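The values are calculated or read from the model by the stated rules, or taken from the named source; none is laboratory data. From a predicted model like this one, the values you see are computed outputs, not experimental measurements. As a convention, Cβ positions derive from the backbone with ideal geometry for all residues, glycine included, and neighbour counts pool all protein chains shown.
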Amino acid sequence: MALGRPISDFYVAGRLVPALFNGASIALALIPVLAFAGLAGALGGEDAWLLALGGGVSLVAIAFLLAPYLRKFGGYSVPDFLGERFNWPGIRLLAILAVVLCTLPAVALTILGLGLVTTHIFPIGLGAALAFAVAMLLACSFATGMRSASLTQIVQYLVLLAVSLAAMVMLLWQHGALFPAVDTAWRGAALAAIKLETFTAEDSLNRYAMLFCLAAGLTALPHLLLRGLVTPSIEEARISFLWALPFAAALCFVAAPYLVLFDGEPAGATNLTATLFFGFTAIGAIAALLALGSGLLLTAANTLSYDLYYKYLDPVAPTERRIVVARGAVVLIACLAAWAALAAPKTVLAMTGAAFSIAASALLPALLLGIWWKRASSEGALAGMLAGLAVCLYYMLAPRYIPFAFYETSSWLSKATASEAARYYELRQSYYLADETAHGAALAAWKETALAVANWGGVKRDFAGLFAVPVGLVVMIGVSLFTPAPARDVQNFVEELRKPGVA
């Protein structure tokens, strides 16, 4: 990027992206949701509809509750808005932490996906493939940040749509159906292989918990909200997310060929049709992953370079230095994500699945009340964000790592049956009465039972947002009511934010 260009080019594409094109970019940012919907839908159409509904609800919620007001604020990030609205240093730092927790694992998962696709195209190892994936992502985002990412995402959407249509036509021509050799057994195996079992919620409670966490999490995901900051006007920020609905629906319509990729059939070198089909789907997958990855990468990098470096470490830094730091943050995040993808892919997958709950718990109450309730105080926002994030992380981690303490301190909330509870206490007694030689086996049996009963109402750990979001809202409202009201200028700022107008 030429140093003469404004720094807003790097952070928010100069706020020059039209609503129509921005809608296509937003739809591409929903690719993970489409993947979850396709896989979970393999076990029943209802789950796919719930996931699609969650994505649609989030787009509408952002369009009418958040995007226009964040755009009118005119900042560069979600932490920037929260830091200025509540004017409390700890709030901006907590928001930075939440952004990193939400986006870094997702960047790592995107790089892992690009690497795996690359290994199917070229005879190279995973390490080299991940390095190639990082290089592709940097090519889309390093030079001019969000400006270059926005331009490439428009092309990537068109490429994805075109090759998906071509692959779907080939599928229909070959087999006369969209799911010719796809049965429930291999779908279940594919689902388990990529560690998305939690999204196959077998009971109605977890299905609706998934819907809530998906809708609330997507509404608060920083890389989606960032797309509302790049438009020329307030109204176009809203329209962008409404345009994303038909664009996302079009991607859903042509998603069938990507399910067939999971059946393990090689792109046979002697079968021209199979080779072409694999080529189309691989190109589409790469386009989608690059679009998603560049958005995630810039969200995390911009937060570190602007909200951490510029706002905290060097508030008088000149534009040239800020751009250098921003580009350095892009490279740093990409390299860290690639290392995580190579070193701990299972952890990356687990953390990515939890991103929806983390985003909703830490950010959604503060964003909504910060815009729609001028009485919301800085103390209330900090307390609400801390409470929501604490409950979320506690429910995600404690049942797995300290199941005994978790169950025994909240057994009245567990969905354990009377026989399961009796079995737990029987095994606990057996462990304490066992001699040294039998301690290991007794502990293993006790822990297995503890893991099964360590829950609140049977809700799965990744859906912790079901508890954390209401806690965050209640705490923020309660603390705000019992602390001094914000200054008059802050209340005027909130009132002005909600008035119709132009940026």
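Screening region 10-35 for residues that are assigned to a helix (DSSP H, G or I) and at pLDDT below 85 and picking the one that is nearest to LEU214 (Cα to Cα) gives VAL33. Out of all the residues in region 472-484, is one or more without any contact (Cβ under 8 Å) to a residue 60 or more places away in the chain and farther than 17 Å from TYR394 by Cβ? Within region 472-484, one or more residues are without any contact (Cβ under 8 Å) to a residue 60 or more places away in the chain and farther than 17 Å from TYR394 by Cβ.
Every residue, every condition in (1) closer than 26 Å to PRO232 by Cα; (2) surrounded by 19 or more Cβ atoms within 10 Å (Cβ to Cβ), yes or no:
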{"site": "ASP462", "(1), (2)": "no, yes"}
{"site": "GLY465", "(1), (2)": "no, yes"}
{"site": "PRO470", "(1), (2)": "no, no"}
{"site": "VAL474", "(1), (2)": "no, no"}
{"site": "LEU481", "(1), (2)": "no, no"}
{"site": "ALA485", "(1), (2)": "no, no"}
{"site": "PHE493", "(1), (2)": "yes, no"}
{"site": "GLU496", "(1), (2)": "yes, no"}
{"site": "LYS499", "(1), (2)": "yes, no"}
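Looking at VAL330, is it free of Cβ contacts under 8 Å to residues at least 24 places away in the same chain, part of a helix (DSSP H, G or I) and closer than 20 Å to ALA95 by Cβ? No. Screening region 330-350 for residues that are crowded, with 22+ Cβ neighbours inside 10 Å and under 23 Å from ARG147 (Cα atoms) and picking the one that is farthest from the chain's Cα centre (by Cα) gives VAL330. No other residue among ALA317, ALA366, ALA360, ALA350 is in a loop (DSSP other than H, G, I, E, B) and either of a type in the set (A, V, I, L, M) or closer than 30 Å to VAL471 by Cα (or both) apart from ALA317. Checked against the criterion of being surrounded by fewer than 22 Cβ atoms within 10 Å (Cβ to Cβ), over 20 Å from the mean Cα position of the chain (by Cα) and farther than 22 Å from LYS311 by Cα, the candidates PRO68, PRO123, PRO89 yield just one match: PRO123. Against the criterion of being in contact (Cβ under 8 Å) with a residue 24 or more places away in the chain, polar (S, T, N, Q), within 30 Å of LYS72 (Cα to Cα) and buried (at least 18 other Cβ atoms within 10 Å of the Cβ), SER377 qualifies. Please determine whether any residue of region 111-119 is of a type in the set (Ser, Thr, Tyr) and surrounded by fewer than 22 Cβ atoms within 10 Å (Cβ to Cβ). Yes, region 111-119 contains a residue that is of a type in the set (Ser, Thr, Tyr) and surrounded by fewer than 22 Cβ atoms within 10 Å (Cβ to Cβ).
For region 129-171, the set of residues classified as aromatic (Phe, Trp, Tyr) and under 21 Å from the mean Cα position of the chain (by Cα) consists of TYR157 only.
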